[in-house]
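Take a look at the structure set out below.
Bear in mind these aren't lab numbers, they're just calculated from the coordinates by the rules spelled out. On a predicted model such as this, the values are computed, not experimentally measured, just so you know. Methodologically, a virtual Cβ is constructed for each residue, glycine included, from the backbone with ideal geometry; neighbour enumeration extends over all protein chains shown.
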Amino acid sequence: MTEELIETYIPDDISIKEFFSLNKNAEFVFFSTNAQKNYCHVKYKHSVFLVFGKETRGLPEELIQTNMNRSVRIPILKQARSLNLATSVAVAVYEVLRQNGFENMEVTEKLGINR
């Protein structure tokens, strides 16, 4: 049986406030260069919404300030302004998958490694 590992959802017909309201019992983690907590210092559940802003301006500062306990950053070199959005999403998704044991992924068998 194939299980969907990752679902993407980009609401275009509702506001972000409506989206949060519809999913008020869900876990959200907000990614921002303005957050203080390292993304690796979070325990990710199997089912979590990873929230990223636009590549050009990120998430609204107000959203980060009101959700600081659920906001994280990916460490980067001081001279870099930010990572591009696709790279940030890939880093975050793989951290969630790693913490959940790469469930339903075939990496160990192909590498000849036993769990």
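Some observations on this one:
- Calculated FRET efficiency for the pair ASN25/ALA86, C-beta based, R₀ 22 Å, to 0.05: 0.15
- Set LYS45/LYS78; LYS17/LYS37; LYS24/LYS78 screened for pairs whose C-alpha atoms are more than 27 Å apart: LYS45/LYS78; LYS24/LYS78
- Full extension of the chain segment joining ASP13 with GLN79 gains 20.0 nm, where the gain is 0.36 nm per residue of separation less the Cα-Cα distance.
- Anisotropy class of the range 16-111 from Cα gyration tensor, a/c 1.5 cut: oblate
- Neighbour net charge for ASN100 - beta-carbon separation under 11 angstrom, K R +1, D E -1: +1
- Taking trypsin sites (Lys or Arg not before Pro) across the range 33-86, the ones in a DSSP loop with at most 16 further Cβ atoms lying within 10 angstrom of their Cβ are LYS43, LYS45, ARG57, LYS78, ARG81.
- DSSP-defined antiparallel bridges as percent of all bridges, the range 16-111, nearest 5: 10
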